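Below is the structure I would like to discuss, written out as structure tokens.
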Amino acid sequence: MVAGAERVLRDNWRQGHRSSDGVAYAFTCPATPRYRHQWYWDSCFHAIAWRHFDPARARAELRTLVRAGRLDGFIPHTTFWDRPAYWRRAPFYGTHTVFGCSATATIQTPLLALAWELVADASPDEPGFAREALAQLRLHYDWLAAARDVDGDGLLTIIQPDESGLDDSPKYDALYGWMRHDRPGYFWLIERYRRLSYDAGSIAERYDEHVEDVTVNVFYALALRSLARLCAAAGEDGGVYEARARGVEQALLGRSYDEARGLFWDLAGRREQPLRVSTWSSLAPLALPGLPEDVRRRLVEQQLLHPRRYHAPFGIPSVSIEEPSFEPGFQLWRCWRGPSWMNTAWLLVPAMRELGYEEEARRIVSSLVEAVARSGYREYYNPIGGRGLGARGFGFATLLVDLIAPSGNGAAFTAATSGAGPMMQP
């Protein structure tokens, strides 16, 4: 299984020079032929998995992601290294025009600093990597704070569902309505934002189709803490990022947390209306160690361990089983409405282990090991039957390797089930 993960990553590796300007690139595409470009959070997840096999490629992946950004710190959701997105595909992406953009004008869940820290820890042969991009990382997270915290409450705003990576999640249905991801109005949504140059502040002033997304802000807080540690290790002051991370956590707890339900809700529009659909995003703050322990334990005991909510035979469902919108099988263009994804478990399982729910964490990982053994590394899995769905040879499904690696390093891989011996020593 570990060897299979390495094969997926190597088969999906792409490198070369952009034809328009000769800029070098090296990254892992999520899956071919459908997903052949570089996506922000996919590349971060790929680098996290690569560090167990080839830390040099992990570093190259993240360097390429930084290279795709602008001088002001913006890093795009999607970069089209091999060829620009022309009119056939541009309407599906948040590009400035439909005439050959090399990247989108939209963001994605900003976990770059978190991935950078993990890869740096796995790079003792290149100690300078930890600090080489500090200036760019500072610019990136400063740009996010300036451009996407539109109301100054500490929480980032996304302007379309794709920016969270959870494109078609049912939590967005009521807000986006006829402009949601799988409806023709989505093309009008993109055109509206093009006319406003994707300026989140201007969009938030005029329209209600924008969200302070829980998942985005959980990863943002984790990445800010990583950036603070990277700064400190380099002898620089990272206190502003530590303070910003605490502010994000406090804002999530104070503004998004529903005490009655024990869940966190996205906040939509100018009035910050809670989007009360239980998805794994509502559980994502479990990964924040700065939140009160009783809140985090409640997420585990009342949600992840509840047989009618998130306690599924395989992985962690992306939508609560008791939600009317729960759809565990395959549907074209709709994939975050019930199936289990590997990055969901990657975020939540370590927090369960930290809080002492080791047996249940082991059960979740073991179920994903079984699903991969049956179907290979797929885009997502049916949480009831375990069948692999969506793209085959999907890059960040290889995060399974990180889930079964010993805590803190990649010196050896061990089986997810108790009592099993080492699987491989690099």
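The values are calculated or read from the model by the stated rules, or taken from the named source; none is laboratory data. Quick caveat: nothing in here was measured; it's all calculated off a predicted structure. Here Cβ is always computed from backbone atoms with ideal geometry, including for glycine, and neighbour counts include all displayed protein chains.
What is the one condition in (1) part of a loop (DSSP other than H, G, I, E, B); (2) under 26 Å from residue 138 (Cβ atoms) that residue 59 does not satisfy?
So the condition that residue 59 fails would be (1).
Name the residue that is nearest to the chain's Cα centre (by Cα), counting only residues in region 361-384 that are closer than 13 Å to residue 312 by Cβ and in contact (Cβ under 8 Å) with a residue 60 or more places away in the chain.
380
Give the residue that is modelled with the lowest pLDDT, with candidates limited to residues of region 1-57 that are more than 27 Å from residue 164 (Cβ to Cβ) and of a type in the set (D, E, K, R).
21
If you go through region 40-61 one residue at a time, do you hit one that is over 26 Å from residue 404 (Cα atoms) and buried (at least 19 other Cβ atoms within 10 Å of the Cβ)?
Within region 40-61, none of the residues are over 26 Å from residue 404 (Cα atoms) and buried (at least 19 other Cβ atoms within 10 Å of the Cβ).
Is region 309-321 home to any residue that is assigned to a helix (DSSP H, G or I), closer than 24 Å to residue 114 by Cβ and not β-branched (Val, Ile, Thr)?
No, every residue in region 309-321 fails to be assigned to a helix (DSSP H, G or I), closer than 24 Å to residue 114 by Cβ and not β-branched (Val, Ile, Thr).
Okay, residues lined up against (1) in contact with a helix residue (DSSP H, G or I) (Cβ under 6 Å, 6 or more places away or on another chain); (2) farther than 23 Å from residue 346 by Cα; (3) not hydrophobic (A, V, I, L, M, F, W, C):
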site	(1), (2), (3)
95	no, yes, yes
102	no, yes, yes
105	no, yes, no
120	yes, no, no
124	no, yes, yes
136	yes, yes, yes
144	no, yes, no
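So which residues in region 258-292 are over 26 Å from residue 204 (Cβ atoms) and within 17 Å of the chain's Cα centre (by Cα)?
283, 286, 287
Within region 344-359, restricting attention to residues that are in a helix (DSSP H, G or I) and without any contact (Cβ under 8 Å) to a residue 60 or more places away in the chain, which residue is surrounded by the most Cβ atoms within 10 Å (Cβ to Cβ)?
Of everything passing the filter in region 344-359, 349 is surrounded by the most Cβ atoms within 10 Å (Cβ to Cβ).
Then there is this: Can you name the residue in region 106-121 that is surrounded by 21 or more Cβ atoms within 10 Å (Cβ to Cβ) and over 12 Å from residue 224 (Cα atoms) and, of all such residues, is farthest from the chain's Cα centre (by Cα)?
In this case the residue turns out to be 120.
I've got another one for you. Give me the residue from region 295-313 that is surrounded by fewer than 21 Cβ atoms within 10 Å (Cβ to Cβ) and aliphatic (A, V, I, L, M) and, out of that set, farthest from residue 346 (Cα to Cα).
Only one residue tops the list, namely 295.
In region 230-246, what residues are within 23 Å of the chain's Cα centre (by Cα) and assigned to a loop (DSSP other than H, G, I, E, B)?
Hits for region 230-246: nothing passes.
Which residue out of 333, 346 is out of contact with any Ser or Thr (no Cβ under 9 Å at 6 or more places or on another chain) and at positive phi?
Just a single option satisfies the conditions, and that option is 333.
Looking at 421, 329, 376, 408, which is the one that is modelled with pLDDT of 95 or more and surrounded by fewer than 18 Cβ atoms within 10 Å (Cβ to Cβ)?
Selected residue: 376, the only one of 421, 329, 376, 408 that is modelled with pLDDT of 95 or more and surrounded by fewer than 18 Cβ atoms within 10 Å (Cβ to Cβ).
Same structure, new question: In region 304-336, which residue that is among the acidic types (Asp, Glu) and in contact with a strand residue (DSSP E or B) (Cβ under 9 Å, 6 or more places away or on another chain) is farthest from residue 381 (Cα to Cα)?
So the residue we want is 323.
If you go through region 171-206 one residue at a time, how many are touching a residue at least 40 places away in the same chain (Cβ under 8 Å), over 23 Å from the mean Cα position of the chain (by Cα) and not in a helix (DSSP H, G or I)?
1
Still on this structure, please answer the following. Kindly evaluate residue 252 against the criterion of being under 19 Å from residue 322 (Cβ atoms) and surrounded by 21 or more Cβ atoms within 10 Å (Cβ to Cβ).
no
For the subset of region 314-324 comprising residues that are over 21 Å from the mean Cα position of the chain (by Cα) and buried (at least 16 other Cβ atoms within 10 Å of the Cβ), which member is nearest to residue 364 (Cα to Cα)?
Once the filter is applied, the top-ranked residue is 321.
For residues that are hydrophobic (A, V, I, L, M, F, W, C) and within 14 Å of residue 80 (Cα to Cα), tally how many sit in region 4-44.
Of the residues in that region, 6 qualify.
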